[in-house]
Amino acid sequence: MLQRSLVLLKPDCVERRLMGQILARFEARGFNIVALKMLRVTPALSKKHYAEHVSKPFYPSLEEFITSAPVVALAVEGLDVIRVIRDMLGATNGLNAAPGTIRGDFSSSRQMNLVHASDSPESAARELALYFTDADFCEHDLLITPALRAGDEQ
């Protein structure tokens, strides 16, 4: 099923100049980037994005981290993209992530784990709406699409 997911390249990813390498992995997998922007997450946006964590003891350090430097927000589209991207990221804690995954290759921290990705279609819809308006999406048919998936894979 064709889906969209929010991906955030977090402050540690931006600061370490890993944005291009990570973005390239999504493109190499055959996913389409249909929206992209660099922004600063404000405390208000952090509270909306991480609403389920606001009352937890670790939330203040999470907010401090996500607001510490710019992030790059991506809307990524593809077949079963939510599950596949989460598999590509690896375990939340980089120390537990398998080699070959983004976190396994580039992270050794639970919090500084480089990338956030939506965990369900419902989360994706909610999160995409926090970072993008309808006008931000640049949908188009890529000439390479027939080489990436069969015509009946929609």
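Go through segment 107-122 and give me each residue that's touching a helix residue (DSSP H, G or I) at 6+ places or on another chain (Cβ under 8 Å) and either closer than 18 Å to Lys47 by Cα or not polar (S, T, N, Q) (or both).
Residues satisfying the conditions are Arg110, Gln111, Met112, Leu114, Val115, Ala117, Ser118, Asp119, Pro121.
Has segment 100-120 got at least one residue that is closer than 25 Å to Gln3 by Cα, touching a strand residue (DSSP E or B) at 6+ places or on another chain (Cβ under 9 Å), free of Cβ contacts under 8 Å to residues at least 60 places away in the same chain and part of a helix (DSSP H, G or I)?
yes
Residue-wise test of (1) at pLDDT below 95; (2) more than 12 Å from the chain's Cα centre (by Cα); (3) surrounded by 15 or more Cβ atoms within 10 Å (Cβ to Cβ).
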position	(1), (2), (3)
Ala75	no, no, yes
Leu79	yes, yes, yes
Ala91	no, yes, yes
Gly94	yes, yes, yes
Ser108	yes, yes, no
Leu114	no, no, yes
Ala117	no, no, yes
Ala135	no, yes, no
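Can you tell me which residue in segment 35-73 is surrounded by the fewest Cβ atoms within 10 Å (Cβ to Cβ), limited to those that are of a type in the set (D, E, K, R), assigned to a helix (DSSP H, G or I) and without any contact (Cβ under 8 Å) to a residue 24 or more places away in the chain?
Restricting to residues being of a type in the set (D, E, K, R), assigned to a helix (DSSP H, G or I) and without any contact (Cβ under 8 Å) to a residue 24 or more places away in the chain, the top hit is Glu52.
Applying the selection to segment 108-149, what residues are within 21 Å of Asp87 (Cβ to Cβ) and small (Gly, Ala, Ser)?
Scanning segment 108-149 gives Ser108, Ser109, Ala117, Ser118, Ser120, Ser123, Ala124, Ala125.
Looking at segment 123-147, which of its residues are within 21 Å of Val41 (Cα to Cα), in a helix (DSSP H, G or I) and of a type outside the set (Ser, Thr, Tyr)?
Answer for segment 123-147, where residues must be within 21 Å of Val41 (Cα to Cα), in a helix (DSSP H, G or I) and of a type outside the set (Ser, Thr, Tyr): Ala124, Ala125, Arg126, Glu127, Leu128, Ala129, Leu130, Asp134, Ala135, Asp136.
Would you be able to tell me the number of residues in segment 1-34 that are touching a residue at least 24 places away in the same chain (Cβ under 8 Å), in a loop (DSSP other than H, G, I, E, B) and over 13 Å from the mean Cα position of the chain (by Cα)?
5
The values are calculated or read from the model by the stated rules, or taken from the named source; none is laboratory data. Everything numeric in this text was worked out from a predicted model, so none of it was measured. We place every Cβ from the backbone using ideal geometry, glycine too, and count neighbours over all the protein chains shown.
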